[in-house]
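The numbers here are math on the coordinates, done by the rules we state, and not lab data. Owing to the predicted nature of the structure, the values given are computational and were not obtained by experimental measurement. Virtual Cβ from ideal backbone geometry, glycine too; neighbours counted across all protein chains shown.
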Amino acid sequence: MTTKNLAHYIYGIADNALILGQRLSELCGHGPTLETDIALTNMALDLLGQTRSYYQYIANLSTENLTEDDVAFLRKEREYRNVLLVEQPNTDFAYIIVRQYFFDVFHFMQLQLLQQSKDVNLTAIAHKSIKEVGYHKQFSGDWVKRLGDGTAESHEKVQQAVTDLWAFTEELFYLSGQDKLVIETGHGINPEQFKEKYYQTISQLLKESTLEVPEAKYFQKGGKDGIHSEHMGYILAEMQFMQRAYPDMKW
Amino acid sequence: MSEHPQIHPDLFPILKSIPDPEIPVLSIIDLGVVRHAELKGQNAVVNITPTYSGCPAMDVIGDDIKKALSDKGYRPKVNLILAPAWTTDWMTEEGKKALKTYGIAPPMDATSDKKALLGEEQVIPCPQCESKNTKLVSQFASTACKAMFKCQDCEETFDYFKCLI
């Protein structure tokens, strides 16, 4: 395992928080209600804070005098390792909540394991982040239940979101060759350990919410190898606008 | 690592005078974010730990510490340390009283918020009228660290400083 491998592995965790944080930030001022607007942007803030911690670590690992901002903003499309799930657009509140829930359950389990990593920086970040992610998971899970076991309209919309987003769940468990090297040394963790529990957990909540659990035969992937959906172009165009328009700018 | 902050006695009054930028009745000492402050000659090194990962006040607190220390003639350095993770248990009793007077319900002990994360009810007394007949409006309120409650007796809404345990 080299430092480059370790940074590659950390991107696989941190970039999810960055892009999902970016997606949730789009809702600032546009949430369906004041309460949900504030909740979703609060969660975005938690995620972006976690991203900062990971990126500060990556910046410290690099030999090129990088800052956390360079790491966040100055990479090209295929250098981001977020999963396709977090790129999916804010189609409606049902999509937002289901995307969030599918991610939160994974994220929580991932952090539980990451607390046991051999890497002291990663365990520190995991210990901190899991307290916040616990609240996220409670929020998103409760809303899936309310919408699923809600009105005919809310049920139909959230079922639609579940059916569409299901195909993006398996990628959460994808590991590249470099990821495997980092896991071998104990710095990284293997999500395969909780894959079954993940699917059991989300299936159970979906059933409690009177929703059908999809029987997908095909799962989307590519994000973790830097091959992103068309949405990523728009996301980066917004996120990197200042850096592209005014290179070397200083706040 | 020590659970109790180690703060040099000369630096303590300076740090105690620095308020939390968002909640000015709370000093950063009472908040429990100052974990270590040592003095070597005129060099002052202060370690702080963030409350929530994304707390935007931490950068401001860092700057405030540097300014307060250099105003007193020290050469300050502020380090952000992540471990051990901040918990509301590190908030002082004085801090909790100050919050309540200001109208924010202070964090309860660890058990009652753990119950919340498990889906059971939290009982948070109203900071205005002390009634326990309050209900949760949202786990997310004005800032990352606060939830919103409403008192069903005096009908005021209030912020609750969420437990991080």
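Results, tabulated for the structure shown:
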{"item": "Output for segment B:128-165, where each listed residue is assigned to a strand (DSSP E or B) and away from chain A (no Cβ under 13 Å)", "result": "B:Thr134, B:Lys135, B:Cys151, B:Phe158, B:Phe161"}
{"item": "Qualifying positions in segment A:157-189 - aliphatic (A, V, I, L, M) and not in a loop (DSSP other than H, G, I, E, B)", "result": "A:Val158, A:Ala161, A:Val162, A:Leu165, A:Ala167, A:Leu172, A:Leu181, A:Val182, A:Ile183"}
{"item": "Residue tally, condition out of contact with any His (no Cβ under 9 Å at 6 or more places or on another chain) and either among the basic types (Lys, Arg) or part of a loop (DSSP other than H, G, I, E, B) (or both), over segment A:119-146", "result": "4"}
{"item": "Positions within segment A:123-155 being of a type in the set (Phe, Trp, Tyr) and at the interface with chain B (Cβ under 7 Å from one of its Cβ atoms), in sequence order", "result": "A:Tyr135, A:Phe139"}
{"item": "Residue that is without any contact (Cβ under 8 Å) to a residue 40 or more places away in the chain and in a helix (DSSP H, G or I), where the choices are B:Pro50, B:Pro9, B:Pro13", "result": "B:Pro13"}
{"item": "Selection within segment A:1-10 - surrounded by fewer than 24 Cβ atoms within 10 Å (Cβ to Cβ) and either among the aromatic types (Phe, Trp, Tyr) or assigned to a loop (DSSP other than H, G, I, E, B) (or both)", "result": "A:Met1, A:Thr2"}
{"item": "Some residue of segment A:76-92 being within 14 Å of another protein chain (Cβ to nearest Cβ), crowded, with 18+ Cβ neighbours inside 10 Å and part of a helix (DSSP H, G or I)", "result": "no"}
{"item": "Segment A:29-55, subset charged (D, E, K, R) and closer than 15 Å to B:Cys55 by Cα, residue farthest from the other protein chains (Cβ to nearest Cβ)", "result": "A:Arg52"}
{"item": "Residue match in segment B:78-86 (condition: closer than 17 Å to B:Pro5 by Cβ, in contact (Cβ under 8 Å) with a residue 24 or more places away in the chain, surrounded by 14 or more Cβ atoms within 10 Å (Cβ to Cβ) and under 11 Å from the mean Cα position of the chain (by Cα))", "result": "yes"}
{"item": "Condition broken by A:Gln116, with the remaining ones in (1) more than 16 Å from the chain's Cα centre (by Cα); (2) under 20 Å from A:Ser229 (Cβ atoms); (3) not in a helix (DSSP H, G or I) satisfied", "result": "(2)"}
